[in-house]
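As structure tokens, the structure follows; a few thoughts come after it.
The values are calculated or read from the model by the stated rules, or taken from the named source; none is laboratory data. Worth saying up front: this structure is predicted, and the values here are computed from it rather than measured. A quick note on method: Cβ atoms are made from the backbone with ideal geometry, for glycine too, and the neighbour counts reach across all protein chains shown. Surface areas here come from the heavy atoms of the whole protein model, side chains and all, with no ligands, DNA or RNA. Shrake-Rupley method; radii C 1.70, N 1.55, O 1.52, S 1.80 Å.
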Amino acid sequence: MIKFGNDRNSCDSLTAVLVVCLLSVLVTVPVAYGEIYRVSGEVMGRWTSGDTYLVTGDIVVPADTSLRIDPNVSIQFDGNYVFLVNGSLSAVNGVEDGQSIEFSGVDGRDWVGIWFRSGGQDNSILSGCIISNAWVGVDIQGISPSIFENTIHALTVGIICESSRSDISGNTIIVGEGTSSQDLTGILLTNEANGLVNENYIRVNSNLFGELIGIKVVESRPKIRDNYIDVETIGEGYGVYSLTVTKLELVRNVIRTSSPSRMTSAFFYSSTGVLVLNNTLHLMGPAESSWGLRILDRSEILIINNIILGNELSIGIHSADGTVVEASGHNDVWRHETNYIGDYQGNDNIDISADPLIRNATPDAEFFADYELIWELDEDGEEIKSPCIDAGSPNWKDPDNTDSDMGAVYFDHYLSAGDPSEFNRAGNPNEFELLNVYPNPFNSSTQISFMLANPNIVNATVFNYRGQQIEHLWNSYLEKGLHSVTWSPKNISSGSYFIKVESGSQIHISKMSYLR
């Protein structure tokens, strides 16, 4: 028995007890910032920077209420609990080094995930958050929160989006791990999930058998653009899986699948109104049952400017069961055992089968830059130029406003001096220049590209025709070279707008046309 008194031994004993208690708390909550709060049931108000919230039961943001989570907050789930949002949730991390908003399980335990449900508010936003150990990272039904630039590590599905127009952009989504044995999906879009899926890195992987899918689309009409999708399994792998859709845009995606069993880069079943434009589809595993594009059951697909790389045992494009495949621009179907099976047999005038000469299209490639088209001089001074450069459909332009290339990562002529011997991947601009606004006109988002001769603070702002500021897109330091910012208008009317980009004393203004 420990006795507490006024002597030195009693004080030492009290100190020992306090140390044991403190260690017990640290074991229960391994990552703690400041104050530790235990929460369950209804939550609302504001969770302030520096604090840790230990979730001991299901939590819910009630309808007609809101919860704001500041940067540098840790939310830890001490069991298989759900974070249900029936009201409004704002979790926006700051840009300062060392800050984060983290949702995770205590000691790596599983928890359910963040659920946004119908009846809530469309102004909810998750941005810059870290979500880990969840069965489903984010589950959205009947509401349209914005999901920007988060890191999500989920056990079964990264994001489920149902009956929603959510903008899902700039996220890193990792689903599964080496020992995952169940079916896994990066993003599931179902039942009129008609939003934008843009510039995400999606990796789905498992060393055990199962069906793995990068993006699955069911009865929805989304725009899937500029994503990097990587599916690796020993079971059945799909980069994109489309079922009974009536409109789908698949534009400028790098889609990689690897399996020794069965794999398909992009699968379309009973899907119409599908545009497949400027994608790089790469089959990397040794599976004999492999398809670049597989199109079945009366699907109707328009394919333009794609590169479809095989594994030498694969089929490039397989169309069957009354499908209609149209091609209005060149496609490069290369390194397959059979390039075409079915009614569509390619077109000698617009399709090619040649090595696309892509930089580092290998299993260790991780980013879009690794899939650049090559145009350079070899060590003997001989020109090496991809046959896919400036060889696409004359009806389209690349973002640098030059003739269209094939594949997801176009050769940017502004990064060279017009002579491949002077090509510099980092760029060598001579002045600050606003290069391009593309697409323009646009109906969901547009990209503003510009060059910097020297490092500087760049300010990018959108104005309407009355000179009123609509949105502030960027105000920060940038290194020299090529940069871009994306504008995705929210809750504004169609019309003409202006982008003003400032660097030092130089200002460039360009007109943009927004069509809802």
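These residues, Trp111, Trp334, go from largest to smallest accessible area, 1.4 Å probe, as Trp334, Trp111. Here's the list of aspartates and glutamates a cross-link from Lys500 could span, going by alpha-carbon distance under 16 Å and ignoring same-chain residues fewer than 8 apart: Glu433, Glu471. For the set Asp51, Asp183, solvent exposure ranked by accessible area (probe 1.4 Å, protein chains only) runs largest to smallest as Asp183, Asp51.
In this rough spin-label picture, where each label sits 7 Å from Cα along the Cβ direction, the Ser493-Trp396 distance is 3.4 nm.
What number, rounded to the nearest 500 deg cm²/dmol, is the helix-based mean residue ellipticity at 222 nm of the chain, given -39500 (n - 2.57) per DSSP H run of at least four residues and division by all its residues?
Theoretical 222 nm ellipticity from helices: -1500 deg cm²/dmol.
Note on Thr486 and Phe209: their simple-model spin labels are 3.8 nm apart, each label 7 Å out from Cα toward Cβ.
Based on Cβ point charges of +1 for Lys and Arg and -1 for Asp and Glu, what charge dipole magnitude is obtained for the chain about its Cα centre, in debye rounded to the nearest 20?
Roughly 1960 debye, rounded to the nearest 20.
Residue order by solvent-accessible surface for Glu471, Glu312, Glu379 is Glu379, Glu312, Glu471, largest first, with ligands and nucleic acids left out and a 1.4 Å probe. Given R0 = 25 Å, the distance between the Cβ atoms of Glu42 and Glu471 translates into a calculated FRET efficiency of 0.15. Counting only heavy atoms of the protein chains and using a 1.4 Å probe, Ser513 has close to 40 Å² of accessible surface. Rolling a 1.4 Å probe over the protein chains gives Ile234 an accessible area of about 50 Å². Treating r as the C-beta distance of Thr338 and Glu382 and R0 as 56 Å, the FRET efficiency rounds to 0.95. Here's the picture: charge each Lys and Arg Cβ at +1 and each Asp and Glu Cβ at -1 in the chain, and of Val251, Pro71, Gly237 the one pushed furthest to the positive end of that dipole is Pro71.
Excluding residues fewer than 8 places away in the same chain, name every one of the lysines whose C-alpha is closer than 28 Å to that of Lys216. Cross-link targets: Lys247, Lys490. Estimated at the nearest 10 Å², the accessible area of Lys397 is 90 Å² with a 1.4 Å probe. Which of the aspartates and glutamates could a cross-linker bridge to Lys223, judged by Cα under 20 Å and excluding same-chain residues fewer than eight apart? Straight-line reach from Lys223, under 20 Å: Asp122, Asp139, Glu149, Glu162, Asp167, Glu192, Glu199, Glu249, Glu300, Glu326, Asp398.
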